[in-house]
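J.: Right, I'll just put the structure down here and ask away after.
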Amino acid sequence: MYRAARRCLFTCSRWPRNIRPVHLTRQPLQVARAISTSGQLNSIDHLGVFPRQSPLQQRDDTIYALSTAEGRAGIAVIRISGPSCKSIYDGLCPNKTSLKPRYASIRTLYHPESNGSEILDAEALVLFFPSPRTVTGDDVLELHVHGGSATVKAVLAAIPKCVAGGPIRYAEPGEFTKRAFLNDRLDLAQVEALSETLAAETEQQRRAAVRGSSGALGRTYEDWRQQLLQARAEMEALIDFSEDQHFEESPTSLVGNVTKQVKQILQSIHVHEGASERSELLRNGIKIALVGPPNVGKSSLMNQIVGREASIVSGESGTTRDIIEANLDIRGYLCTFADTAGFRSAVEKDHTGRRGSEVKIGAVEEEGIRRARVKATQSDVIIVLASVEADTLGKPHIRFDMETLRLAAGCKERLVVVNKRDAVSSEVLHSLVRQFTEDVLSKVEGFETAQPILISCREAQDLGSDQIDPGGIRRVTDHLVLSFRDMTSLPATLQDLHGVTERQRQLLVKCRGHLESYLESVGATDLAAHDGVPDTNHSHDTDITMAAEHLRYAANYLGRITGRGEVGDVEEILGVIFEKFCVGK
């Protein structure tokens, strides 16, 4: 009895059988008068006695919305879901036979208040899907009408005027999918995947979203949650009845088996967290920074890759002061290119590293260089540019900046590109590249085996060239795509993990934290007592109680991923997920 009472005080979530907490909520009085839809004063609602219904309390409403894009089109689809679907059909199609479920029928739609005299659409395609095997889990009626704006507006305005046994209202953003979740047609992981599918702009984003919609992730997380709940129940039985009952399994063995399960789940969580980082690159785009000294061709290369003049190209040093970004789709991968200010110091050095002439750098250019450093550290891929130049005596060399090489060395993916390959003959060029590779790159950690990509932005601008890859720009793109694949690919058996979102990753991190705390709790409790007899003193019992609590919290975080289990703030979670949905989905 002492243990049970102590656990109740510790967790504030489990109470003795005959004691239940009472939660009192005080609603503030509303000073303003509340007017109902009929124009009458609502004498109850204005006192705040019945607050506005939440989405969970509006499931008996029948909702409707335009599910296709607004504007002129060949066909517009109006979706209706709720208990009044048949009443709406009877109002729009008076004196017509009932629809055969899941069969398309041609009907003339009439205004429900015109007694069949006002036609809204002469040839509409109507389908009825009875619950529960529908997209929302409720009855669904679809009206495929002609896509003219006037026709669509007329039909939408007529729907709420149909005589029905319950409220008919226009749907909120994402409410159809929300009802699918509330009716157990989808879990939250599938809902998020649907949102990603609607937002996908590139092929790789589409593929990742489709992987997440299979339901495999939700089933995995629910399986983990059930394992933790079962483990928690066994440990709580050990706490409550270890002195009174004889268990077939010793406490040492029981905790050992639970710990083994926890470690297996922890290993899987680490895999899912890593997959989330890869999938986020596909969703949010891969950030690429172009760095190097002034006038080596950073802006020209960016313009060639993005296919437009995103950056100003000039022979004057320091023309790029701020960071210029451009988004584009490179073979299905969303990318963000950043052209940065050229790196240089107040005292320039020649290609041999010797001290050279002093140059004046203004405050604006210094700030641009500082921002370039920050941008490089935040990027997923860094392209270091160098160029073939001639010194004051006309001797060719490769101009580079050592700081940019060191910055790129700290990035997981980096490329070295040498521009202006057309400035010298091929023999001289290969000699310069070999010297640059041996004397510079091989001595920078991370570039020991790097092979520079040789390009010419000037040749790439020659539209009349008969070369397959004029200027070598396509070769840069090819190397980038290979880097993208290395950064985002997953084994064939783990493709479904592309659906792990940032929200899910954050909840997995919290779940992992409690599982690791569980391991610390059972590690501090020496249940491997001599002769196999567990020690039941106070400190050990407290550690097991805390271990069981960590299992409960971990299971709850998994429940928040799928929306199953004891999720007290489900409406808050739904609001976060559905805020990006469009009306009609």
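The values are calculated or read from the model by the stated rules, or taken from the named source; none is laboratory data. Fair warning: this is a prediction, and the values are worked out from it, not measured in the lab. Cβ sites come from the backbone with ideal geometry, for glycine too, and all protein chains shown count toward neighbours. Ligands, DNA and RNA are stripped out before the accessible areas are found, and what is left, the full protein with its side chains, is counted by its heavy atoms. Shrake-Rupley method; radii C 1.70, N 1.55, O 1.52, S 1.80 Å.
J.: What accessible area per residue, rounded to a whole number of Å², is obtained for the range 148-273 using a probe radius of 1.4 Å?
T.: Result: 48 Å² per residue.
J.: Next up: How many percent of the accessible area of the range 151-239 is carbon or sulfur, using a 1.4 Å probe? Mind dumping the intermediate values first?
T.: Working: 1830 of 3710 Å².
Answer for the range 151-239 is 49 percent, counting heavy atoms of protein chains only.
J.: Next question. List the residues whose amide H sits under 5 Å from the amide H of Asp391, counting only those 5 or more places along or on another chain, with H placed 1.01 Å from N in the peptide plane.
T.: His397
J.: Tell me the accessible surface of Met546 in square angstrom (1.4 angstrom probe, heavy atoms of protein chains only), to the nearest ten.
T.: 70 Å²
J.: Note down the accessible area of Asp322, probe 1.4 Å, to the nearest 10 Å².
T.: For Asp322, the solvent-accessible surface is approximately 80 Å².
J.: Among 264-273, 451-460, how do they line up by average Cβ neighbours within 10 Å per residue, starting with the highest?
T.: Descending packing order for the listed peptides: 451-460, 264-273.
J.: Here is a further query. Return the whole-Å distance between the Cα centroid of the range 443-472 and the Cα centroid of the range 396-437.
T.: Using only Cα atoms, the two centres lie 10 Å from each other.
J.: Under the Karplus relation 6.51 cos²θ - 1.76 cosθ + 1.60, θ = phi - 60°, what is the ordered set of whole-Hz ³J(HN,Hα) values for the range 200-207, x standing for Gly and Pro?
T.: After applying 6.51 cos²θ - 1.76 cosθ + 1.60, I find 5, 10, 10, 5, 5, 5, 4, 5 Hz.
J.: Now for a separate question. Rounded, prolate or oblate for the range 432-485? Axes are the square roots of the Cα gyration tensor eigenvalues, ordered a ≥ b ≥ c, and the cut-off for rounded is a/c under 1.5.
T.: Oblate, since a/c reaches 1.5 and b/c is not below a/b.
J.: Which pairs break 23 Å Cα to Cα here: Lys263/Lys412; Lys375/Lys510; Lys86/Lys153; Lys412/Lys443; Lys86/Lys161; Lys287/Lys412?
T.: Lys263/Lys412; Lys375/Lys510
J.: Mind listing the phi-derived Karplus ³J(HN,Hα) values for the range 432-447, rounded to whole Hz, using 6.51, -1.76 and 1.60 with θ = phi - 60°, and x for any glycine or proline?
T.: 5, 5, 4, 5, 5, 5, 6, 8, 10, 4, 5, 9, 9, 4, x, 10
J.: Here's something else I'd like to know. Check Glu413: other-chain or 5+ apart residues with amide H under 5 Å from its amide H, H built from backbone geometry?
T.: Distant-sequence amide H within range of Glu413: Ile382.
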